[in-house]
Amino acid sequence: MENKEEGPNHPDKEASAIDTDGATEEPNEDNTATKSKRPLYKRKVLKSYITLTLASFINYDSAQKSSNVFGSGGVPSTVEQRRYAVAVSIVSFVLATTTVVGHLDRFLFEKFWREKIFPVGSRIELAILLFLVAWWSVGTGLQTSVTGIAGDSKGQYSFYFSTWACLLSCFFALDAWLQESADEGVKAFVTSWPNRAPAWICIAVLSLSTLVWYIDLWRNHENLDRDEEEFIQVYFEAIREGIWYWLIIIATFTLLSSVGFVIMEIFRATKDEKTRQQSGVNAIEGSCFIFLAMAWIPTVMVATTPGGPASLIGNAYFSTWLLVIFVFEFIHDMRQRIHKSLKEKQAEYRTKQQQILEETRKIRDKTNASDTSGKRERSNTEYFDAVDAF
């Protein structure tokens, strides 16, 4: 009787509903609590901070020694270039070292670092990371350009690679922070875009970088007015204007086409497979990839071989090769996807064929069974008719 008297607003049911709702939200709360209680030295972002600390120290040491290149074929740095490089590396080293110390401190101020400075989703840490990304983005652009301390063919290889290592470490640290606080990093964001948009996004970024470094070489090599840089200026002056135009045109076309296909993939139908196949977008996309591959083969040969604009070790050289390798790698990946799609369609066709054969066999068995039963009934009828007649 007591069970019948329980109404829809019974306290026990309300409590069970609250418990049920709480159970659905409990994993997220437990996950956040687990991350908050986790020691800082176990965080994924610590690896990037340590890398940034070491790279900043190497960058500082390389900047201090950037004027001692006599006999090595390199171009010595100026006083202004060296001062700026030292300032950039010192600021980065101080910030990175402070964050590393805060993560490794388990005795003095562990609670302060974990709860005040570096909790999950810390705005202070986000501000530090954004500052470091902007700091090294500007510093890398200025110092690795053709007029910078580690420009093309200046022989400052230790400084050049340590500068890029610092910038990449900042990006990896920011990505690790996003994964920890928002459970979605840059890779997850890019791969969440529909169809083949992630590949076009990567091509757009690489083509923009390549275009920027081509324009940097073309426009700024005239500013190499020091005696130590005269051989670089003479080298770029000997390159014909038509080659510069071709490199800029092909890089611009790659950038515009990749951005266009990114926008096209966003508005492209993803659920209706038949509509997507009949739209002709796949054919246009494949033709564009083939054209880019055929266009970049002679481009990379002209640009990176001796006498080419991007043959000197620097930003243009590496960005050109990265772009070409990625384009061909994506063509290979697209071919594998087409092959996989054909195999899936073939397997689907065979499955349907087997289903049809099975249905046909069942119908045939039913027909044979009905014919057999009909013949048996007719024979029985004839037998009894004969008996009656007798």
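Every read-out reported here was derived from the displayed coordinates using simple, explicitly stated rules and does not represent laboratory data. This one's a predicted model, so the numbers in the text were calculated from it and none came from an experiment. Here the Cβ positions follow ideal geometry from the backbone for every residue, glycine too, while neighbour counts run over all protein chains shown.
How many nm separate the modelled label positions at Q354 and V138, each set 7 Å beyond the Cα in the direction of the Cβ?
6.5 nm
What distance in nm separates the two pseudo spin-label positions at V190 and I313, each 7 Å out from Cα along the beta-carbon direction?
Distance between the two pseudo-spin positions: 2.6 nm.
Which order do W136, W244 fall in if you start with the one that has the fewest other Cβ atoms within 10 Å?
With the fewest neighbours first, W136, W244 line up as W244, W136.
Kirkwood Rh over alpha-carbon pairs of the stretch 34-187, then Stokes-Einstein at 37 °C and 0.692 mPa s: what D in µm² s⁻¹, rounded to an integer?
202 µm²/s
Over the stretch 34-187, calculate the relative contact order: mean separation of alpha carbon pairs under 8 Å at least 6 apart, over the residue count, as a percent.
35 percent
Would you list D216, D152, D105 from fewest to most Cβ contacts within 10 Å? Let's see the in-between values first.
Numbers: D216 21, D152 27, D105 15.
Least to most surrounded, the residues fall as D105, D216, D152.
Starting at the first residue of the stretch 173-179, write each ³J(HN,Hα) from the Karplus equation 6.51 cos²θ - 1.76 cosθ + 1.60 with θ = phi - 60°, in whole Hz, x for Gly and Pro.
5, 5, 5, 5, 5, 5, 5
On full extension of the chain, what length is gained from N282 through K366, given 0.36 nm per residue of separation minus the C-alpha to C-alpha distance?
Numbers: separation 84, 0.36 × 84 = 30.24 nm, distance 4.64 nm.
Contour length minus Cα-Cα distance gives 25.6 nm.
May I ask you to compute the full-extension gain from E241 to T78, defined as 0.36 nm times their residue separation minus their alpha-carbon distance, rounded to one decimal in nm?
That pair, E241 and T78, stretches by 55.7 nm at full extension.
Along the stretch 346-363, what does the Karplus equation 6.51 cos²θ - 1.76 cosθ + 1.60 (θ = phi - 60°) give for ³J(HN,Hα), rounded to whole Hz, x for Gly and Pro?
5, 5, 5, 5, 5, 5, 5, 4, 5, 5, 5, 5, 5, 5, 4, 5, 5, 5
Using the number of other C-beta atoms within 10 angstrom as an exposure proxy, rank V45, V205 with the fewest first.
Least to most surrounded, the residues fall as V205, V45.
For an R0 of 45 angstrom, estimate the FRET efficiency from the Cβ-Cβ distance between S158 and Q346 and round to the nearest 0.05. Mind showing how you got there, number by number?
Numbers: r = 55 Å, r/R0 = 1.22.
Computed FRET efficiency for S158 and Q346 comes out at 0.25.
As a quick test, which of the pairs K116/K187; K187/K343; K111/K187; K44/K116; K42/K116; K65/K154 have an alpha carbon distance above 22 angstrom in this structure?
In this structure, K116/K187; K187/K343; K111/K187 lie more than 22 Å apart at Cα.
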